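**Q** Encoded as structure tokens, here's the structure I'll be asking about.
The values are calculated or read from the model by the stated rules, or taken from the named source; none is laboratory data. What you see is a predicted model; the values in this text were computed from it and never measured. Every residue, glycine among them, receives a Cβ derived from its backbone with ideal geometry; neighbour counts consider all protein chains shown.
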Amino acid sequence: MHWRGPRGIRLGIGDWADDLIEGMDRARRGVEGYFEPTMRLGVTGLSGAGKTVFITALVASLMQRQRLRLFTPEAEGRMLAAMLRPQPDPDVPRFAFETHRDALTGPDRRWPESTRAISQLRIALRYRSAGFAAGLTGPSVLNLDIVDYPGEWLLDLPLIDRDYDDWAAHALALAASPARRPHAEQWARALGEAEPGAAHHEPIAEALSASYTAYLWNCKKAGFSALSPGRFLRPGDLEGSPALTFAPLPRPGSGARGSLHAEMRDRFEAYKRVVVKPFFRKHFARLDRQVVLVDALGALAGGPRALGDVTTAMSEMLAAFRHGRSGWLDRLMGQRRIDRLLFVASKADHLHHEQHGALAALVEGMLGEAAERAAFRGARTRAMAIAAVRATAEQEVSRGGETLHLVRGRREDDGREIAVYPGELPHDVPALLALARSAGAGDAPEDWPEAEFARIRFAPPAWGERAGPPHIRLDAALDFLLRDRLG
Ligand code: GDP
């Protein structure tokens, strides 16, 4: 049932309640000016990992809480309201929650536009404390600041402790490796014609930078993920700026001032100074907790090389959470620590629940040593397989005395309802990852698991106006991230 709200807006009953409570909240703050704690939650992952869908679903679920059985404060009836508030940092774009939610729920339902740069959203959670404290105090408020940023930006951390020649030698060797060489042909030609020791000429610098960026994009399209500098693929609002107009060059015999090589070196240093460091200082170093999303099924479907490369990229990304990996970051962070890290295998609705344990194990295996080291640093870590928005239903069919576990959903491109048998995920994760690590440019070995099902894009589901989205374990993720702060 719907009512006209005080500002003539169509409101559901849940909205009414939240609206009234927000009004009471404002009045109370005005009288008492009480202190409201804030928690900054980072959400990251490589492009396509599911960040936008995850944040949209998380916020929508907190505002309409009917589907949050595993979120303890809600299950205990202590969650009172959740409302969007103006964000605290005026120079950071706001996460376009309403646009993304409308895309998912509108008449022609579609997945929202993916993350391209950093954005932020503040949601105030009003709750009653548990146990003894509840009788002594009134309701409390936690401001949850969600910070969405591309995982590719974390790949830039190792650049800070490197100089240009060191980085360039590494990048050139990588581009010449058998796996990447086929994607670097145009870049190799441009490099062959360049004279690093000759006088800098801007059109040449621009052309080199453009062909290096094109090579990175070719790699990206071919399923590679460990691609840096991160802003070349996700420039945000820095597209075309000089700090992004550089490329790796071999060191010339004589690197006179004013040479192309010297100019590239200066721009590399500028990139570190004006792009990489400010991101870590302004955003990363202020996070309290972090969600890292991984499209492990997509990587599996991409074959051994893609899985190996995503695993490498994850380990490079997670270096940012490990103590002692960058002297600069350690000094910047001081005693500050991210105290919880949640690794999420996204899009678990592509699998029957029988397989969710194996999916979480795959992500845990991919994180391997990196996760252990983060834990060693004092952060609690957890890996979960979830679907932020569940687009499929499960189905069992008997065939020849055997029960097959299927998932059924509407295919996005032609709207057809299809049932998919995803098969079994491999149980021997270390063996699978060893195969992925040793994969060269060639074809996948014959015993590589067939995971074409992971490439299917199911259309987003219909979800009732007054409920949060259907999901798989989004509430368990919320419980891990928030429960102790809403105690
Ligand atoms: P981002 O680049 O990390 O922001 O990724 P998005 O959140 O935009 O997700 C990329 C795509 O993955 C979406 O367009 C959907 O097709 C798919 N996707 C993300 N989350 C889910 C999910 O929970 N279930 C399903 N079935 N698909 C998802």
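**Q** Residues that are touching a helix residue (DSSP H, G or I) at 6+ places or on another chain (Cβ under 7 Å), among the basic types (Lys, Arg) and touching a residue at least 24 places away in the same chain (Cβ under 8 Å): does region 124-132 have at least one? Spell out how you get there, then give the answer.
**A** Here is the first cut: in region 124-132, the residues touching a helix residue (DSSP H, G or I) at 6+ places or on another chain (Cβ under 7 Å) are 125-128.
Add one more test, that the residue is among the basic types (Lys, Arg), and what stays is 126, 128.
Keeping just the survivors that are touching a residue at least 24 places away in the same chain (Cβ under 8 Å) gives 126, 128.
Yes; the residues of region 124-132 include at least one that is touching a helix residue (DSSP H, G or I) at 6+ places or on another chain (Cβ under 7 Å), among the basic types (Lys, Arg) and touching a residue at least 24 places away in the same chain (Cβ under 8 Å).
**Q** Further question: Out of all the residues in region 442-452, which are within 16 Å of the ligand (Cβ to nearest atom) and surrounded by fewer than 17 Cβ atoms within 10 Å (Cβ to Cβ)?
**A** Glu452
**Q** Listed residues Arg457, Arg437; which is over 21 Å from Leu80 (Cα atoms) and within 16 Å of the ligand (Cβ to nearest atom)? Spell out how you get there, then give the answer.
**A** Working: Arg437 fails: within 16 Å of the ligand (Cβ to nearest atom).
Just one listed residue meets the conditions, Arg457.
**Q** Let me ask something else about it. Is it the case that some residue within region 310-323 is touching a residue at least 24 places away in the same chain (Cβ under 8 Å), assigned to a helix (DSSP H, G or I), farther than 21 Å from Pro150 by Cα and not hydroxyl-bearing (Ser, Thr, Tyr)? Talk me through it step by step, then tell me what you get.
**A** If we filter region 310-323 for residues that are touching a residue at least 24 places away in the same chain (Cβ under 8 Å), which is where we start, we get 310-323.
Those still in the list that are assigned to a helix (DSSP H, G or I) too: 310-321.
The next check asks that each one be farther than 21 Å from Pro150 by Cα; those that pass are none.
No, there is no match, as no residue in region 310-323 is touching a residue at least 24 places away in the same chain (Cβ under 8 Å), assigned to a helix (DSSP H, G or I), farther than 21 Å from Pro150 by Cα and not hydroxyl-bearing (Ser, Thr, Tyr).
**Q** Is there any pair with a first residue in region 347-358 that is part of a helix (DSSP H, G or I) and a second that is among the small types (Gly, Ala, Ser) whose Cβ atoms are under 7 Å apart and which are 6 or more apart or on different chains, and what are they?
**A** Filtered contacts from region 347-358: Ala348/Ala385; Ala348/Ala387; Asp349/Ala387; Asp349/Ala391; His350/Ala454; His356/Ala348; His356/Ala385.
**Q** Do the conditions hold for Arg29, that is, is it surrounded by fewer than 19 Cβ atoms within 10 Å (Cβ to Cβ), among the charged types (D, E, K, R), modelled with pLDDT under 90 and not in a loop (DSSP other than H, G, I, E, B)? Walk me through it before giving the result.
**A** Numbers: surrounded by fewer than 19 Cβ atoms within 10 Å (Cβ to Cβ): yes; among the charged types (D, E, K, R): yes; modelled with pLDDT under 90: yes; not in a loop (DSSP other than H, G, I, E, B): yes.
Judged against the criteria, Arg29 is a match.
**Q** Do we find that Arg286 is of a type in the set (D, E, K, R), closer than 19 Å to Leu208 by Cβ and in contact (Cβ under 8 Å) with a residue 60 or more places away in the chain in this structure?
**A** Details: of a type in the set (D, E, K, R): yes; closer than 19 Å to Leu208 by Cβ: no; in contact (Cβ under 8 Å) with a residue 60 or more places away in the chain: yes.
Answer is no for this residue.
**Q** I'm checking my understanding of the structure. Among residues of region 287-304 that are over 18 Å from the mean Cα position of the chain (by Cα) and surrounded by fewer than 22 Cβ atoms within 10 Å (Cβ to Cβ), which one is farthest from Asp89 (Cα to Cα)? First the steps, then the outcome.
**A** Step one: of region 287-304, the residues over 18 Å from the mean Cα position of the chain (by Cα) are 301-304.
Cutting the leftovers down to surrounded by fewer than 22 Cβ atoms within 10 Å (Cβ to Cβ) gives us 301, 303.
On the way: Ala301: 39, Gly303: 41 Å.
Applying the filter and picking the extreme gives Gly303.
**Q** Scan region 35-59 for residues that are in a loop (DSSP other than H, G, I, E, B), more than 7 Å from the ligand (Cβ to nearest atom) and either crowded, with 24+ Cβ neighbours inside 10 Å or within 15 Å of the chain's Cα centre (by Cα) (or both) and report the count.
**A** Of region 35-59, the ones in a loop (DSSP other than H, G, I, E, B) are 35-37, 46-50.
Checking which are more than 7 Å from the ligand (Cβ to nearest atom) leaves us with 35-37, 46.
Filter once more, keeping what is either crowded, with 24+ Cβ neighbours inside 10 Å or within 15 Å of the chain's Cα centre (by Cα) (or both): 46.
So the answer is 1.
**Q** Answer yes or no: is there a residue in region 144-159 that is surrounded by 14 or more Cβ atoms within 10 Å (Cβ to Cβ) and over 25 Å from the mean Cα position of the chain (by Cα).
**A** Taking region 144-159 and keeping what is surrounded by 14 or more Cβ atoms within 10 Å (Cβ to Cβ), we get 144-159.
Now restrict to residues that are over 25 Å from the mean Cα position of the chain (by Cα): none.
Within region 144-159, not a single residue is surrounded by 14 or more Cβ atoms within 10 Å (Cβ to Cβ) and over 25 Å from the mean Cα position of the chain (by Cα).
**Q** Restricted to region 453-486, and to residues that are farther than 15 Å from Leu144 by Cβ and small (Gly, Ala, Ser), which residue is modelled with the lowest pLDDT?
**A** Looking at the filtered set, the residue picked out is Gly464.
**Q** From Gly77, Gly138, which residue is on the phi > 0 side of the Ramachandran plot, in a loop (DSSP other than H, G, I, E, B) and either touching a residue at least 60 places away in the same chain (Cβ under 8 Å) or more than 13 Å from the ligand (Cβ to nearest atom) (or both)? Spell out how you get there, then give the answer.
**A** Values: Gly138 fails: on the phi > 0 side of the Ramachandran plot.
Of Gly77, Gly138, the one residue that is on the phi > 0 side of the Ramachandran plot, in a loop (DSSP other than H, G, I, E, B) and either touching a residue at least 60 places away in the same chain (Cβ under 8 Å) or more than 13 Å from the ligand (Cβ to nearest atom) (or both) is Gly77.
**Q** While we're looking at this one, here's another question. Filter region 462-487 for residues that are in a loop (DSSP other than H, G, I, E, B) and crowded, with 20+ Cβ neighbours inside 10 Å; which is nearest to the ligand (Cβ to nearest atom)? Before you say what the answer is, go through the steps one by one.
**A** Applying the first criterion (in a loop (DSSP other than H, G, I, E, B)) to region 462-487 yields 462-471, 473, 487.
Adding the requirement that they be crowded, with 20+ Cβ neighbours inside 10 Å leaves 463, 468-471, 473.
Details: Trp463: 12, Gly468: 13, Pro469: 9, Pro470: 10, His471: 7, Arg473: 10 Å.
Applying the filter and picking the extreme gives His471.
**Q** When only residues in region 164-190 that are part of a loop (DSSP other than H, G, I, E, B) and touching a residue at least 40 places away in the same chain (Cβ under 8 Å) count, which is surrounded by the fewest Cβ atoms within 10 Å (Cβ to Cβ)?
**A** Restricting attention to region 164-190, the residues satisfying the condition of being part of a loop (DSSP other than H, G, I, E, B) are 176-180, 184.
When the remaining residues are screened for being touching a residue at least 40 places away in the same chain (Cβ under 8 Å), the result is 178-180.
Details: Pro178: 9, Ala179: 17, Arg180: 22.
Residue satisfying both the conditions and the ranking: Pro178.
**Q** Residue check, Gln395 against (1) modelled with pLDDT of 95 or more; (2) of a type in the set (S, T, N, Q); (3) more than 12 Å from the ligand (Cβ to nearest atom), all met but one. Which one?
**A** (1) is the only condition that Gln395 fails.
**Q** Let me ask something else. State which residue pairs qualify: first residue under 12 Å from Ala103 (Cβ atoms) and inside region 46-58, second residue within 6 Å of the ligand (Cβ to nearest atom) and of a type in the set (Ser, Thr, Tyr) in any location, beta carbons under 9 Å apart, and separation of 6 or more residues or different chains.
**A** Matching pairs, first to second residue: Thr52/Ser114; Thr52/Thr115; Val53/Ser114; Val53/Ser346.
**Q** Here is a further query. Please go through region 93-121 and pick out each residue that is touching a residue at least 40 places away in the same chain (Cβ under 8 Å) and either in contact with a Gly (Cβ under 9 Å, 6 or more places away or on another chain) or more than 16 Å from the ligand (Cβ to nearest atom) (or both).
**A** Our first condition is that a residue be touching a residue at least 40 places away in the same chain (Cβ under 8 Å); within region 93-121, this holds for 95, 97, 100-101, 104-105, 109-118, 121.
Listed by number, the residues that qualify are Ser114, Thr115, Arg116, Ala117, Ile118.
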